[in-house]
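Q: Questions regarding the structure given below will be posed in turn.
The values are calculated or read from the model by the stated rules, or taken from the named source; none is laboratory data. Worth saying up front: this structure is predicted, and the values here are computed from it rather than measured. Note that each Cβ is placed from the backbone with ideal geometry, even for glycine, and that neighbours are counted across all protein chains shown. Ligands, DNA and RNA are excluded from the accessible area calculation, which covers all protein heavy atoms including side chains. Shrake-Rupley method; radii C 1.70, N 1.55, O 1.52, S 1.80 Å.
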Amino acid sequence: MNNIVENINRIRDELPSTVQLIVVSKTKPVEAIKTAFITGQRRFGENKALELAAKNEQIPNVEWHFIGHLQTNKVKYIAPFVTMIQTVDSFRLLKEINRQAKKYNRIIDCLLEVHLAQEEEKSGLRGDEIFRFLEMPERNVLQNIRLCGLMTMATNTDNKSLIRSEFRQLADIHKQIKQRFFADDSAFCELSMGMTDDYRIAVEEGSTMVRIGSGIFKS
Ligand SMILES: *Cc1c(COP(=O)(O)O)cnc(C)c1O
């Protein structure tokens with residue numbers, strides 16, 4: 001358990017102040033999250049709606065980030081409390097998040113997940129899909145979501161230059177989208193990229209949020 005505290009403090013010391021640490025607590029017991037909480041950590045990432053809803057009952061005052069593939073029929077379980085849904089990969093999902101958020105009189109922050117990795121099975125929108133998505137006029141009627149930026153997972157590889165090029169691509173797409181669709185919207189500013197094995201590269205390429213699990217909870 002002490003390792004958790006040490007690992008968080010070490011990583012936090014290393015990150016520039018412009019980068020938020022999301023501690024990925026998926027599959028980890030509530031006790032482990034509480035240990036992390038004691039260090040002052042408030043932002044946690046989970047990738048299963050029901051697991052997240054159960055944990056939220058047991059640990060209040062956490063800022064939860066959803067970071068997995070979210071089925072539209074599961075949005076209702078997390079809509080009352082989730083802070084940010086980082087993995088929006090369809091317009092249908094965004095509309096459902098909006099509908100559920102409205103029920104609870106909330107605004108839910110969202111990131112669009114972009115597919116840049118070479119693995120086909122990873123989810124996310126592809127380059128031109130994002131632009132088509134943002135051009136939809138219906139987007140403007142979604143009053144209960146706030147688009148805050150982009151998220152991606154790099155290819156799972158030892159090839160550092162490939163990883164770097166994917167992060168650089170995300171930063172580039174972010175810049176283009178910002179100029180074209182969100183020039184006056186200061187909320188659109190987040191680049192969620194970087195995990196245990198690649199967060200240093202991500203930070204060098206402009207990440208504003210790193211999502212770290214095994215680097216903190218390893219024994
Ligand atoms: C599991 C997961 C992470 C954390 O990965 P680690 O390698 O354990 O740091 C980050 N992002 C997403 C989307 C994940 O599913």
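Q: Only bridges with both residues in region 2-217 count here: give the DSSP antiparallel percent, nearest 5. Kindly include the intermediate steps, with their values, before the conclusion.
A: Details: 0 of 26 bridges.
That works out to approximately 0 percent antiparallel.
Q: How would region 118-158 be classified by its alpha-carbon gyration tensor: rounded, prolate or oblate, with rounded meaning a/c under 1.5 and the a/b versus b/c comparison settling the rest?
A: Working: a/c = 3.54, a/b = 2.18, b/c = 1.63.
In terms of gyration-tensor shape, prolate.
Q: Tabulate in residue order the Karplus-calculated ³J(HN,Hα) for region 112-122, using 6.51 cos²θ - 1.76 cosθ + 1.60 with θ = phi - 60°, rounded to whole Hz; enter x for Gly and Pro.
A: 8, 8, 10, 8, 10, 5, 7, 6, 5, 6, 5
Q: Extension gain Asp13-Gln169, at 0.36 nm per residue separation less the Cα-Cα distance, in nm?
A: Details: separation 156, 0.36 × 156 = 56.16 nm, distance 2.70 nm.
So the chain would gain 53.5 nm between Asp13 and Gln169.
Q: Test of understanding: what is the full-extension gain from Asn105 to Glu57, defined as 0.36 nm times their sequence separation minus their Cα-Cα distance?
A: On the way: separation 48, 0.36 × 48 = 17.28 nm, distance 1.98 nm.
Going from the current span to full extension adds 15.3 nm.
Q: So what is the relative contact order of the chain, in percent, for Cα pairs below 8 Å that sit 6 or more residues apart?
A: The value is 21 percent.
Q: Still on this structure: Any chance you could look up the accessible area of Cys189 with a 1.4 Å probe, heavy atoms only, rounded to 10 Å²?
A: The value for Cys189 is about 60 Å².
Q: If you take the square roots of the eigenvalues of the alpha-carbon gyration tensor of region 1-52 and sort them as a ≥ b ≥ c, do you get rounded (a/c under 1.5), prolate (a/b over b/c) or oblate?
A: On the way: a/c = 2.52, a/b = 1.41, b/c = 1.79.
Oblate shape, in that a/c is at least 1.5 and b/c is the bigger or equal ratio.
Q: Still on this structure, please answer the following. Please state the relative contact order of region 69-167 as a whole percent: Cα pairs under 8 Å, 6+ residues apart?
A: For region 69-167, the relative contact order is 29 percent.
Q: Quick check: net charge around Phe167, other residues with Cβ under 10 Å of its Cβ, Lys/Arg +1 and Asp/Glu -1? Provide the component values of the computation, followed by the final result.
A: Details: positive: Arg164, Arg168; negative: Glu166, Asp172, Asp198, Glu204, Glu205.
Once positives and negatives cancel, what remains is -3.
Q: Sort 130-137, 99-106 by the packing proxy (mean of other Cβ within 10 Å over each peptide's residues), most packed first. List each step's numbers first, then the result.
A: Working: 130-137: 13.1, 99-106: 15.4.
Highest mean packing first, the order is 99-106, 130-137.
Q: Quick one: accessible area per residue over the chain, 1.4 Å probe, rounded to a whole number of Å²? Could you put the intermediate results ahead of the total?
A: Working: 10770 Å² over 219 residues.
Dividing the accessible area of the chain by its residue count gives 49 Å².
Q: Suppose each label sits 7 Å from its Cα in the direction of the beta carbon; what would the Phe131-Thr157 distance come out to in nanometres?
A: Here the answer is 2.4 nm between the modelled labels.
Q: Sticking with this structure for a sec: Under the rule a/c < 1.5 gives rounded, and otherwise a/b versus b/c splits prolate from oblate, where does the chain land using the Cα gyration tensor?
A: On the way: a/c = 1.76, a/b = 1.16, b/c = 1.52.
Here the chain falls in the oblate category.
Q: For a quick protection proxy, order the peptides 160-170, 117-127 by their average other-Cβ count within 10 Å, most packed first.
A: Values: 160-170: 17.3, 117-127: 13.6.
In decreasing order of mean packing, 160-170, 117-127 become 160-170, 117-127.
Q: Using a 1.4 Å probe over the heavy atoms of the protein chains, calculate the carbon and sulfur portion of the accessible area of region 90-199 as a whole percent.
A: Numbers: 2600 of 5830 Å².
The value for region 90-199 is 45 percent carbon and sulfur by accessible area.
Q: Check Met151: other-chain or 5+ apart residues with amide H under 5 Å from its amide H, H built from backbone geometry?
A: Leu112, Glu113, Val114, Ser192
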